[in-house]
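The values are calculated or read from the model by the stated rules, or taken from the named source; none is laboratory data. For clarity, every value in this text was computed on a predicted model and none was experimentally measured. Cβ atoms come from the backbone with ideal geometry, glycine included; neighbour counts cover every protein chain shown. These area figures cover heavy atoms from the full protein model, side chains too; ligands, DNA and RNA do not enter into them. Shrake-Rupley method; radii C 1.70, N 1.55, O 1.52, S 1.80 Å.
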Amino acid sequence: MESFHKLKDRMQVIHPIIEEINKSKYETLFRFLNERIENPENFVVLLGETSSGKTTLLNGLLQDQLFLTSARPTTGTVIELMDQKSAASYHFYAVNKDATLETITENMFHELAKNPDQDLERLRIITPTFPHGLKNLRLFDTPGYGSLHEEHEQILKEFIPNSDIIVYVVSYRIGFKENDHYFMNFIQEMIDKNTAFYLVINRVPEGVNVSDNRIKEIQLHAQDCLHRNLNCYLVPAQIPAEENKHVLPQASDLWKDLRKQLETPERMEALARAFFSYQNDLLLELKGNQEQKFAFAKASAEQMSELQATLEEFLRNEEIIIEKIRGTFAKLYPKLDKLLDLAMTNINDNLISEIEKANRWTSKDECVGFIQSHLLPLQIQKETKGITDYLQVELERLDDEINSILNTAIQKFEAQISLKLSIFEPIIMNLSNRMGQKMAGKALAQFFKQFGGAGGAGAGVANAAKKGLKAVGKVFGKTFSRETHNGLAKFLSRIGATSTKAISAAAAVIVEGLFYLYDSYKWKIDLGKQIKKATLEWKKETLDKVTKDMHELEEHNLQSIHSYFEEYQELKEVPEEEISSFDLNEITNRISRIDDLLTNYTENFKEVHVHG
């Protein structure tokens, strides 16, 4: 693709400038971005109920019994499979919660897969190549929904929204069961509408095709949950000719179609534009660094002193905003508990009212089935929406208040620079541009921080493109929305997903109580007691997990504000001995070369997309 050739050519011109500036921060960002342009990664997650055959499907892809399988759940943690040309054979790693990467033996890998320790985030296998022409792929095998621990659930919440493709596996023999229904609803809350979704029906008997009633039933249930049409991939049951001999599924159609999906021109186009934006962000950082050196070398001692005083006044706004964030969240935590209590009461009252309606139920089994499969989920979803609506209003109000503080502070700071310290104006203009990129999610440093480390989940094509498509112009002297609750939409979708997951736990409590509903005269009273017990279970589980998500959102925003003001910290006075060593001719030359990369390459890149 011609646009990727342009990107690579541009990286070759950027690198000598970075070497001349000789700053480790820029070297790190350059290496990270260059690796992503050379090897854009695709992000595929395998999901499904326990023992649906996800792990067997991966073994079939590799045509190797690499992952252990049995009738009982064998995947106790998330396993990542990725290709690397330089690898001569399989390599096994433990990705720990502290973001360290630990080399392990194959035996240790299998042991941790079944019994993960408390330090483990996930496991990783490196394979030299994938079959079917698949490349630059990161495949994630996940624990079945029925065996999800809280840690797994948190990991799924992180990387499901960043997936390029989700492959959902259902066993033909077991069919689409209640857990599949809950899991699909959980996924539907998390994924982007553009995320590709493949439905795989595994272990299909010989002679069965898409016209089979069970196949149609599974497909229709899945489509109802996701509100989209789905193609089915049927993977035949493999019967070994000899005892104790493994026969691995091929699923060639699935993997070939998956490859086509990942290599569509539209997908690559979106990714190229994202990387082009990251290149621009890196160039703006380099230009800002050089313009700062130039201005500091030319400025008088009085001008430097005035800059520092003006800067200190501006930076004091960080603490004001941090206190406002902390104050808002401090009020929301106890309010969430009260809202869930009220929701629990409303759910109980509505369900018990339905149970007590005379002559409505032909039997207690009919009543229990209706409550469990329809009315309980419906009431919980209704109450959950009310809670998320309240939180959204409160956090958007916080956003407006912080935008007002920030915009007032920025306008005052920039006006003081323009009027009294115009020598520093190019630095501030560059910084404003970069902050505009950052607020739109296009900043390379943000991309690196989220997806560059050993412990990061990894960025798929869809994720990189989503972060880089919004255009941002010059924002110097203008107001803009900082979107303080950056991550709010993700947080709100998590509440829905968490509540959906908790519904299954509540429904299970009702089922457990069925054994005690013997007396035909008091079964309604007993069922009412079970419902109260079930909704209490829902409330406890939802409160615990949503509170953790709120803490994460609060921390995210505190870090976001700190990161914002940290950019301005770079304007702190540079030591006088360092300023005296600046070569103005060399700095001017570098700024000119950077400007050329920002203008000429932009025009060339646009032409590729117009004529390509």
Residue count, segment 557-601, condition closer than 30 Å to Lys324 by Cα and either among the polar types (S, T, N, Q) or open to solvent by 50 Å² or more (accessible area, probe 1.4 Å) (or both), comes to 10
Does Thr547 meet the test of being of a type in the set (Ser, Thr, Tyr), under 30 Å from Lys25 (Cα atoms), at pLDDT 80 or above and part of a helix (DSSP H, G or I)? no
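When segment 581-612 is examined, which residues are found to be part of a loop (DSSP other than H, G, I, E, B) and modelled with pLDDT of 75 or more?
Keep residues of segment 581-612 that are part of a loop (DSSP other than H, G, I, E, B), which gives 581-583, 612.
The answer is Ser581, Phe582, Asp583.
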Inside segment 315-347, the number of residues satisfying the requirement of being more than 28 Å from the chain's Cα centre (by Cα) and buried (at least 18 other Cβ atoms within 10 Å of the Cβ) is 4
Checking Val169, Val247 in turn, the sole residue that is in a loop (DSSP other than H, G, I, E, B) and either within 26 Å of the chain's Cα centre (by Cα) or at pLDDT below 90 (or both) turns out to be Val247
Those residues of segment 111-144 which are in a helix (DSSP H, G or I) and within 15 Å of Leu58 (Cα to Cα) amount to Ala113
Flagged pairs (Cβ under 7 angstrom, 6 or more apart or on separate chains; first in segment 218-234, part of a helix (DSSP H, G or I); second open to solvent by 100 Å² or more (accessible area, probe 1.4 Å) and at pLDDT below 95) are Gln223/Asn229
Within segment 36-54, the count of residues that are in a helix (DSSP H, G or I) and either over 18 Å from Ser3 (Cβ atoms) or open to solvent by less than 10 Å² (accessible area, probe 1.4 Å) (or both) comes to 2
Test Leu230 against the criterion of being at pLDDT 95 or above and either of a type in the set (A, V, I, L, M) or touching a helix residue (DSSP H, G or I) at 6+ places or on another chain (Cβ under 6 Å) (or both), and give yes or no.
-> no
Residue pairs qualifying under the 6 Å Cβ cut-off, at least six apart or on distinct chains, with the first in segment 333-361 being more than 15 Å from Gly528 (Cβ to Cβ) and the second being modelled with pLDDT under 95 and of a type in the set (A, V, I, L, M, F, W, C), are Leu339/Ile387; Leu340/Leu543
* To do: Taking Ser89 as the residue in question, decide whether it is out of contact with any helix residue (DSSP H, G or I) (no Cβ under 7 Å at 6 or more places or on another chain), closer than 19 Å to Leu139 by Cα and buried (at least 22 other Cβ atoms within 10 Å of the Cβ).
  => no
Suppose the filter is in a helix (DSSP H, G or I) and open to solvent by 10 Å² or more (accessible area, probe 1.4 Å); does Gln279 pass it?
no
Restricted to segment 371-391 and to residues being surrounded by fewer than 16 Cβ atoms within 10 Å (Cβ to Cβ) and either among the β-branched types (Val, Ile, Thr) or at pLDDT 80 or above (or both), the residue farthest from Leu332 (Cα to Cα) is His374
Being more than 30 Å from Phe30 (Cβ to Cβ), surrounded by 13 or more Cβ atoms within 10 Å (Cβ to Cβ) and of a type in the set (Lys, Arg) narrows Lys256, Lys293, Lys298 down to just Lys256
Item to check | Yes/no for Leu234 being open to solvent by less than 40 Å² (accessible area, probe 1.4 Å) and among the aliphatic types (A, V, I, L, M) | outcome: no
